[in-house]
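Below: the structure, in structure tokens.
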Amino acid sequence: MVSEHIIKSYDQELHKLDNIIAEMGGLAESQLASAMEAVEKHDSDLASAVIESDTRVDQLEREVESLVVRLLALRQPMARDLRQIFAALKISTDLERIGDYATNVAKRSIALEQSPGVRPVYALPRMGRLAANMIKDVLDAFIGRDADKAMAVWYRDEELDEMYTSLFRELLTYMIEDPRNISSGTHLLFMAKNLERIGDHCTNIAETLYFLVNGEPMQQMRPKRDRTSLGLADEEEVAPAGRAEAER
């Protein structure tokens, strides 16, 4: 937990930083859960609500940025405090991206309603549940400053990659067998890729938390089991309007 400082307002600002991150994480987790529910129940209204809620996550990210600038300018933080501040900045960016990917799942679910059904859509909820659990657990790890729990999330990304690879191959098979499946299959491919990328951002948060707690970066290579060869255009899926450069 954050240590007590001579200036009480300093502690309050650090606590506020953690609280904003916790709120962002809760919203991102809720966005994903609702987006997956919209997919399963074919609920366009729920999907639209997810899309509209993304503005709040963006607003919270801006609040983090503003508070970080204030802390750096006025408090001249050192050691663990400095790590906490930079960790919050990095984690807020990852959570904002998670919110974007959940929003994209919701958008694709609306588009999917206009396409004929494809059986592999029922494989998506498994990916969604795993991704949602990763968000929840990495947020719990952040709140508790639990590097071991963060590492457990870090390792689970491998499972999500394997699920994505399996679904990717299955969808390609369906599209090759019947060209009428191409439209819906493409939507599902992008939705699955969004979920896989959510796992990557959870992994980023886990690595940031490890550094926050231990004061040094992880030395292990990130496990990666995404065996797909098709480069889906993430920048078309997730880049908000006005973003100068898509995430690589």
Checklist entry - In this structure, does Ala141 turn out to be crowded, with 21+ Cβ neighbours inside 10 Å and not β-branched (Val, Ile, Thr)? => result yes
Next on the checklist: Going residue by residue through region 62-72, is there one that turns out to be in a helix (DSSP H, G or I), modelled with pLDDT of 95 or more and crowded, with 21+ Cβ neighbours inside 10 Å?
Outcome noted: yes
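Quick one: is Val138 within 12 Å of the chain's Cα centre (by Cα), among the β-branched types (Val, Ile, Thr) and in a helix (DSSP H, G or I)? If you could, list the steps in order and put the result at the bottom.
Values: within 12 Å of the chain's Cα centre (by Cα): yes; among the β-branched types (Val, Ile, Thr): yes; in a helix (DSSP H, G or I): yes.
Taking the combined requirement at face value, the residue satisfies it.
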Checklist entry - If you scan region 168-189, which residues turn out to be closer than 24 Å to Ala106 by Cα and either of a type in the set (S, T, N, Q) or surrounded by 21 or more Cβ atoms within 10 Å (Cβ to Cβ) (or both)? => result Phe168, Leu171, Asn181, Ser183, Ser184, Gly185, Thr186, His187, Leu188, Leu189
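Would you confirm whether any residue within region 97-112 is in contact with a Cys (Cβ under 9 Å, 6 or more places away or on another chain) and surrounded by 15 or more Cβ atoms within 10 Å (Cβ to Cβ)? Explain how you work it out, then say what you get.
As a first pass, look at region 97-112 and keep what is in contact with a Cys (Cβ under 9 Å, 6 or more places away or on another chain): 98.
Now restrict to residues that are surrounded by 15 or more Cβ atoms within 10 Å (Cβ to Cβ): 98.
Scanning region 97-112 turns up at least one residue that is in contact with a Cys (Cβ under 9 Å, 6 or more places away or on another chain) and surrounded by 15 or more Cβ atoms within 10 Å (Cβ to Cβ).
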Checklist entry - Would you say Tyr174 is at pLDDT 90 or above and among the aromatic types (Phe, Trp, Tyr)? => result no
Checklist outcome for this item: If we ask which residues in region 1-51 are at pLDDT 95 or above and outside any helix (DSSP H, G or I), their number turns out to be 0
Next on the checklist: So, in region 174-200, how many residues would count as being closer than 30 Å to Leu95 by Cα, touching a residue at least 60 places away in the same chain (Cβ under 8 Å) and of a type outside the set (Phe, Trp, Tyr)?
Outcome noted: 13
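Do the conditions hold for Thr165, that is, is it at pLDDT 90 or above, outside any loop (DSSP other than H, G, I, E, B), surrounded by 21 or more Cβ atoms within 10 Å (Cβ to Cβ) and hydroxyl-bearing (Ser, Thr, Tyr)?
Working: at pLDDT 90 or above: yes; outside any loop (DSSP other than H, G, I, E, B): yes; surrounded by 21 or more Cβ atoms within 10 Å (Cβ to Cβ): no; hydroxyl-bearing (Ser, Thr, Tyr): yes.
No: the conditions fail for Thr165.
Answer with yes or no whether Lys90 is in contact with a Ser or Thr (Cβ under 6 Å, 6 or more places away or on another chain) and not hydrophobic (A, V, I, L, M, F, W, C). Break it down stepwise before answering.
On the way: in contact with a Ser or Thr (Cβ under 6 Å, 6 or more places away or on another chain): yes; not hydrophobic (A, V, I, L, M, F, W, C): yes.
Taking the combined requirement at face value, the residue satisfies it.
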Next on the checklist: Against the condition of a type in the set (D, E, K, R), at pLDDT 75 or above and not in a helix (DSSP H, G or I), how does Glu207 come out, does it pass?
Outcome noted: no
Item to check | Options Ser30, Ser44, Ser66; residue that is closer than 19 Å to Ala192 by Cα, of a type outside the set (D, E, K, R) and over 18 Å from the mean Cα position of the chain (by Cα) | outcome: Ser44
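So, Arg97, is that one touching a residue at least 24 places away in the same chain (Cβ under 8 Å) and at positive phi or not? Steps first, please.
Working: touching a residue at least 24 places away in the same chain (Cβ under 8 Å): yes; at positive phi: no.
No, not satisfied.
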Checklist entry - Can Leu82 be described as out of contact with any Cys (no Cβ under 9 Å at 6 or more places or on another chain), in a helix (DSSP H, G or I) and over 28 Å from Leu32 (Cα atoms)? => result yes
Checklist entry - Quick one: is Asp58 more than 15 Å from the chain's Cα centre (by Cα) and touching a residue at least 12 places away in the same chain (Cβ under 8 Å)? => result no
Next on the checklist: Condition check: under 19 Å from Thr186 (Cα atoms) and touching a residue at least 60 places away in the same chain (Cβ under 8 Å). Does Ser92 satisfy that?
Outcome noted: no
Item to check | Residues (among the hydrophobic types (A, V, I, L, M, F, W, C), over 20 Å from Lys90 (Cα atoms) and in contact with a Ser or Thr (Cβ under 9 Å, 6 or more places away or on another chain)) located in region 13-55 | outcome: Ala35, Met36, Ala38, Val39, Leu46, Ala47, Ala49, Val50, Ile51
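The values are calculated or read from the model by the stated rules, or taken from the named source; none is laboratory data. Keep in mind the model is a prediction, meaning the values are calculated, not measured. Heads up, the Cβs are rebuilt from the backbone with ideal geometry, glycines too, and the neighbour counts pull from every protein chain shown.
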